[in-house]
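The structure appears right after this line, and notes come after that.
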Amino acid sequence: MTDAGARRLLEEAEADVARATERLVASEGFAELLARVVANLVALYRVTSTALDLVIRHLRLAGRQDVTRLGRQIGRAEDKLERVLQEVETLQERPPAEATGPAGRSNRQAAVGGSAVTALVVATVLLVLHPPSLSGGGEVVALAVGVLALVVTTAWATLWVAGRSKGGPR
Amino acid sequence: MRPAEATAAVEFGHILLTQDEAEIGATPKDIVWTHRSTTLYRYRSERRQYPVPVLLVFALINRPEIFDLRPGSSFVEFLLEQGFDVFLLDWGRPGDEDADVGLDDYVCDWLPWAIRETLRAAGQQELTLTGWCIGGVLCAMHATLERARHVRNLVLLTTPIDTDGSLYAHWVRRQSFDVDALTEALPVIPGAGIDWANKMMKPVTNFWTTYRKLWDDVVAGKPRRVAYQSMAKWVADNPPFPARAFREWMTWMYKRNDLVAGRIRLRDRRVDLGRIDHSLLVVTAGADHIAPRAGTVPLLELVSSRDITHVDRPGGHIGLMAGSKARAEIWPQVGDWLKKRSYAKEDV
């Protein structure tokens, strides 16, 4: 037999064996055997590992479990740090001129509303405390000017105090 | 043994013994962001032409260097040459301390955080999310939760969606395979164990044929040393799988097939694939035994995207995108698809 013939026979045999072994590993018997072998290996590992850990612990040495515990804590700390870092970066990336956006507009609307409410309350109190006599036009004008000045001043002061108490740039 | 065979045996042994010296993931890149074991990289490029960045997300098993396997055979290199701004999300190597990390952490926290950092670094509002295998599932889950916010394009490479009829499901969808006991005992599932299970799906191909072909090449005097070593090094590098994430993955995807049924809930939000309305590219491989085409195709009917492209090519789960033919066959298709969808919106 020539070398080429022998080689061809060898390759055919190899292909046949390959197909046969692939059928074998796909069989129920092999799958069951694999499962049992894995279960036995796991049990063996568990027994050995537990015994070794006991020996190490009784020698008052840091064992694998202790190192693993520390490693896990470091991992969790790193997870938290990453989340905090992302929050910080998100805040840094936020555009600074928020007052020009919709939020800024709502702030201005709130300020105008606050002024109106304050003006109404102050004017009502003044009217109750000092009801006008309506005896002279000059007094009425003076009273109106006085009330207006007081209302504007009070409204401005109220908003200024409110803005300071929030502590933010708004 | 003839002298030529003795020489070949020495060469063969040398290739196997020095495979760890192969350089993979060599394209220059910068770290953009790190969190726990996760790292986001941005590849250096002076040819960025398309504003929408591409974020690559690989599976939780094996390492993401498969996107950038070796010079001349690197999907990342290809994308950079085409003018894309490329980022890579590396899940790292979880340790025992990550036992309580679940799929929700990946989908609801780490992936959106990486997207956020990608957009910040690129100075953009939207990106292309490209997931491979489990990475594809994570991306799809994210796209259902963060609907159309920052993801413009979704690219899913050999991604398992409907696991009915798959070999994995056959192995684990039985009471005797107690995934709860497994994940209670082990804080992380060893990557080597998962790799062994993957290889057992095609035992002769993985444990024999690969080496036999290498031997034949060496005897013939044309060993593909660099190609073999880089792939072998990548295949052998298996990070562990966090226990809770593994339990959720196996239970939801394989024991109960919850994803396709819309029964998965992450932080009180339902993962409904119907909410995917992004431009969608789905790539399947005809000979994929890990994420068979039949298990991916149902996605095309479930999503609400109007712009859907399905590319199906012969090839395996990894070989399709990282094999010797990928550069000539599949990458240009992916690149062309991306180019049409990676302009700034005002330019469209």
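If I model a spin label as a point 7 Å beyond the Cα along the Cα-Cβ vector, how far apart are those points for B:A192 and A:T48 in nm?
With each label placed 7 Å out from Cα toward Cβ, I get 1.0 nm.
From the Cα gyration tensor of the protein assembly as shown, with a ≥ b ≥ c the square roots of its eigenvalues, which class applies: rounded if a/c is under 1.5, or else prolate if a/b is larger than b/c, or else oblate?
prolate
Please label the shape of segment B:167-236 as rounded, prolate or oblate, based on the square roots a ≥ b ≥ c of the eigenvalues of the alpha-carbon gyration tensor (a/c under 1.5 means rounded; beyond that, a/b larger than b/c means prolate, else oblate).
In terms of gyration-tensor shape, prolate.
Using the Cα gyration tensor of chain B, with a ≥ b ≥ c the square roots of its eigenvalues, what is the shape: rounded (a/c below 1.5), prolate (a/b larger than b/c) or oblate (neither)?
oblate
Which percent of Cα pairs goes in each bin when the distances of segment B:1-136 are cut into 10 angstrom slices starting at zero?
Going from the shortest bin to the longest, the percentages are 11, 37, 27, 13, 8, 4, 0.
When you count, for each residue, the other Cβ atoms within 10 Å and take the mean per peptide, how do B:153-163, B:239-249 rank with the highest first?
Averaged packing, sorted descending, gives the order B:153-163, B:239-249.
Kindly report the accessible area of the protein assembly as shown per residue (heavy atoms of protein chains, probe 1.4 Å, no ligands, DNA or RNA), in Å².
52
Would you mind counting up the charge near B:D217? Only other residues with Cβ under 11 Å from its Cβ, with Lys and Arg at +1 and Asp and Glu at -1.
Numbers: positive: B:R212, B:K213, B:K222, B:R224, B:R225; negative: B:E11, B:D216.
Once positives and negatives cancel, what remains is +3.
Give the interface area between chains A and B as buried accessible surface, both sides summed, probe 1.4 Å, in Å² to the nearest 100.
3200
Can you work out the base-10 log of I(q)/I(0) for segment A:3-61 at q = 0.14, 0.16, 0.17, 0.29 1/Å, using the Debye formula on its C-alpha atoms alone?
Log-scaled intensity ratios, in q order: -0.64, -0.70, -0.72, -1.02.
Extending each Cα 7 Å along its Cβ direction at B:R2 and A:Q86, get the distance between those two points in nm, one decimal.
About 6.5 nm, to one decimal.
Once you list every other residue whose beta carbon is under 12 Å from the beta carbon of A:T68, what net charge do they have if Lys and Arg are +1 and Asp and Glu are -1?
With Lys, Arg at +1 and Asp, Glu at -1, the neighbours total -3.
Among the GluC sites (Glu not before Pro) in segment B:107-181, which ones are in a DSSP loop with at most 12 other Cβ atoms within 10 Å of the Cβ? Mind listing them?
The qualifying sites: there are none.
Averaged across the residues of A:21-34, what count of C-beta atoms belonging to other chains lies within 10 Å of each residue's C-beta?
Going residue by residue through A:21-34 and averaging, the value is 4.
Among the residues of segment B:22-36, which ones have their accessible area go down by 30 Å² or more when all the protein chains sit together, as opposed to their chain alone (1.4 Å probe)?
B:H35, B:R36
So what J values fall out for segment B:195-210 if you push phi through Karplus, 6.51 cos²θ - 1.76 cosθ + 1.60 with θ = phi - 60°, rounded to Hz, Gly and Pro as x?
4, 4, 5, 4, 5, 5, 5, 9, x, 5, 4, 7, 9, 10, 4, 4
Residues of segment B:9-50 with amide nitrogen under 20 Å from the 7 Å Cα-to-Cβ point of B:A344?
B:45-50
B:A261 to B:D307: FRET efficiency via 1/(1 + (r/R0)^6), r the Cβ-Cβ distance, R0 35 Å, to the nearest 0.05? Before the final figure, lay out the partial values.
On the way: r = 25 Å, r/R0 = 0.72.
Efficiency for this residue pair is about 0.90.
Determine, from the Cβ-Cβ distance of B:D336 and B:A287 and an R0 of 22 Å, the FRET efficiency 1/(1 + (r/R0)^6), rounded to the nearest 0.05. Walk me through the numbers on the way to the answer.
Details: r = 24 Å, r/R0 = 1.08.
Step by step, r from the Cβ atoms, then E = 0.40.
Check the straight Cα-Cα distances from B:K233 and name the lysines below 30 Å, setting aside those fewer than 8 residues away within the same chain.
Of all the lysines, those that pass the test against B:K233 - Cα under 30 Å, at least 8 places apart if same chain - are B:K29, B:K199, B:K202, B:K213, B:K222, B:K325.
Let me have the 222 nm mean residue ellipticity of the protein assembly as shown computed from DSSP H runs of 4+ only, each contributing -39500 (n - 2.57), with the sum over all residues rounded to the nearest 500. Could you put the intermediate results ahead of the total?
Values: 20 runs with 267 residues, N = 518.
One gets -16500 deg cm²/dmol as the mean residue ellipticity at 222 nm.
Of all accessible surface on chain B at a 1.4 Å probe, what whole percent is carbon and sulfur?
Working: 6950 of 13940 Å².
About 50 percent, which is the carbon plus sulfur part of the accessible surface.
How well do other chains shield peptide B:110-122, expressed as the mean number of their Cβ atoms within 10 Å of each residue Cβ?
1
Can you list the residues of segment A:70-90 that have at least 30 square angstrom less accessible area with all protein chains present than in their chain by itself, probe 1.4 Å?
Residues passing the criterion (a loss of at least 30 Å², heavy atoms only) are A:R72, A:E78, A:D79, A:E82, A:R83, A:Q86, A:E89.
If you stretched the chain out fully between B:K325 and B:A236, how much longer would it get, using 0.36 nm times the residue separation minus the C-alpha to C-alpha distance? Please report the intermediate quantities before stating the final value.
Numbers: separation 89, 0.36 × 89 = 32.04 nm, distance 2.20 nm.
29.8 nm is the gain from fully extending B:K325 to B:A236.
Which FRET efficiency, nearest 0.05, do B:R44 and B:A181 yield, Cβ-Cβ r, R0 45 Å?
Efficiency, rounded to the nearest 0.05: 0.45.
In segment B:61-104, which residues become less accessible by 30 Å² or more once every protein chain is in place, relative to the chain on its own, using a 1.4 Å probe?
So the qualifying set is B:D96, B:E97, B:D100.
The values are calculated or read from the model by the stated rules, or taken from the named source; none is laboratory data. The shown structure was predicted, so the numbers you read here are calculated from the model rather than taken from an experiment. Ideal geometry is used to build each Cβ from the backbone, glycine not excepted, and the neighbour counts take in all protein chains shown. The area values use the complete protein model at the heavy-atom level, side chains included, leaving out ligands, DNA and RNA. Shrake-Rupley method; radii C 1.70, N 1.55, O 1.52, S 1.80 Å.
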